[in-house]
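Following: one structure in structure tokens, then a few remarks.
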Amino acid sequence: MDASQPFTEPLTPPADVDPATLTITGEAPRERGYARGQAAAADVARAAAGYSALFTAGQIPPQSQRDAAEASLTALEAWDPRQVEELRGVAAGAAAAGATFDGQPLQLWHVGLVAARTEILTLAVEPTPECSTIAYAAPGRTVGVQTWDWHAEFAGYWHYQQVSPCGEPGLSHAGFAEYGMLGKIGLNSAGVGVMLNILKNRDDAAGGVPVHALLAGVLDRARSVEEALDIIDSAHTTSSSVITVVGCDDAVMVEISPHGTSRLRHDSEVVALDGEPIGPRTPAPNSGGFPHGSGGGDRGIAASGGFLIHTNHFIAPDQQDGALPLSATSRSEERISLLDERLRGFAVTSSAAGGPHPGADDLLALMCTGDGDAPVCTSADAHAPFGRRTATLVTVAIDPNAGTIRMSPGSPRELFGTDAPGASGPAQTARRETFEVR
């Protein structure tokens with residue numbers, strides 16, 4: 001691929017994308033990476049060139065792109081050298097299969113343009129697309145759902161994956177990732193799943209451990225929610241995000257900034273976004289309990305269960321120093337308010353009817369939005385310039401207790417065939433893949 005040429009990727013409707021499934025195995029990290037690179041050589045090169053073009057559109061010079069990618073790879077090697085060895089394998093495998101970047105065989109730093117794209121984008125002047133996440137946490141009933149909103153031109157830059165462990169303490173995992181990344185949104189064989197929303201802080205910078213490497217590390221190693229939290233806390237990151245960790249009995253949202261991490265759990269008092277309790281021990285929507293003290297402290301989860309919601313602005317009080325909206329046109333607060341309102345209604349109706357715990361599809365159906373709503377589901381503006389066309393590319397549902405992750409191209413609106421919340425089930429025409437991880 002030639003990153004110096006104008007970006008010409010066509011706009012493909014996200015729901016029309018037919019993602020490949022990569023089955024990745026290997027006895028050692030480099031071998032597993034080599035298999036990934038061989039299996040998707042052209043797409044890894046295409047993703048690297050596409051991100052380089054996006055960075056250029058965001059006024060990041062080519063040398064700054066390389067410097068930032070290499071700095072993040074250096075930080076990653078200090079934190080988890082096995083991941084860097086696996087990424088070396090990706091580059092080597094893709095290059096051996098003929099992948100090029102600007103006419104040269106694909107190199108490690110080219111793969112780093114994708115693996116560290118969140119960190120590199122902190123240097124850009126263009127706004128970043130937004131996502132929405134809901135988790136319901138209760139012993140034996142936890143589920144999580146997310147829309148992944150991203151640059152519409154990249155609708156074909158992702159794939160399903162099933163990854164086998166290489167050595168101890170590795171775990172198998174499944175989910176989806178962008179070409180060149182080791183992991184993104186997924187669920188592992190220990191019943192630990194992860195989802196991701198980007199945030200923004202004035203002190204964000206390039207060069208830290210890639211947040212997508214945190215996701216890959218959790219999927220590869222975490223056997224419990226607490227182990228996942230330890231992995232996340234241990235990384236030196238320089239960009240801002242929130243990682244939602246779901247397990248069989250619990251869910252935690254971890255806000256990450258250059259200043260540290262803060263954990264959000266459902267409050268045992270069942271407090272909603274406005275701070276008012278919905279009812280004693282009644283499942284209720286919530287942005288998360290707030291941390292206190294040092295060391296990533298958090299508040300307890302109600303035994304009866306409850307909801308957590310996140311979009312793209314910081315919630316934790318101790319993360320407000322330097323907290324910024326993703327852009328001047330961000331509608332993050334509108335989206336979280338809409339989801340909060342819908343979950344309130346769902347909780348009250350379900351409780352009054354003596355209904356069961358919600359399933360993932362119940363939550364996804366509440367994320368359907370139309371033109372008059374805050375845009376949980378988004379469609380690309382074909383008239384906007386490259387770098388400003390946003391669409392919901394993937395819809396995800398994770399059920400740790402069932403050991404399944406279900407993914408579909410496009411938005412919940414396309415999955416359910418309606419922009420009205422509360423659909424009874426996916427449309428018959430919906431294209432959806434389910435992966436079981438045990």
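No value in this document is a laboratory result; all are computed from the given coordinates. What you see is a predicted model; the values in this text were computed from it and never measured. Glycine also receives a Cβ, built like all others from the backbone with ideal geometry; neighbour counts cover every protein chain displayed.
Before moving on, here are some points about what is shown:
- Rounded to the nearest whole Hz, the Karplus-based 3J(HN,Hα) values (6.51 cos²θ - 1.76 cosθ + 1.60, θ = phi - 60°) of the range 373-383 follow the sequence 9, 4, x, 5, 9, 10, 10, 6, 8, 4, 8, with x at glycine and proline.
- Highest mean packing first, where packing is the average number of other Cβ atoms within 10 Å per residue, the peptides 420-430, 132-142, 382-392 line up as 132-142, 382-392, 420-430.
- Using alpha-carbon coordinates, inclination of helix 211-221 to the longest axis of the chain, degrees: 80 degrees
- Shape category assigned to the range 1-115 from the gyration tensor of Cα positions, a/c cut at 1.5: oblate
- Judged by the gyration tensor of its Cα atoms, with axes a ≥ b ≥ c, the range 132-436 is rounded; a/c sits under the 1.5 cut.
- Residue order, fewest to most beta carbons within 10 Å, for LEU87, LEU182, LEU11, LEU54: LEU11, LEU54, LEU182, LEU87
- Going from the residue with the fewest nearby Cβ atoms within 10 Å to the one with the most, CYS248, CYS377 rank CYS248, CYS377.
- The chain, relative contact order in percent, only Cα pairs under 8 angstrom and at least six apart counted: 18 percent
- Report summary: the helix-based calculation at 222 nm, which adds -39500 (n - 2.57) for every DSSP H run with n ≥ 4 and divides by the residues of the chain, gives -9000 deg cm²/dmol.
- Cβ crowding within 10 Å averaged over residues, with 47-53, 19-25 ranked highest first: 47-53, 19-25
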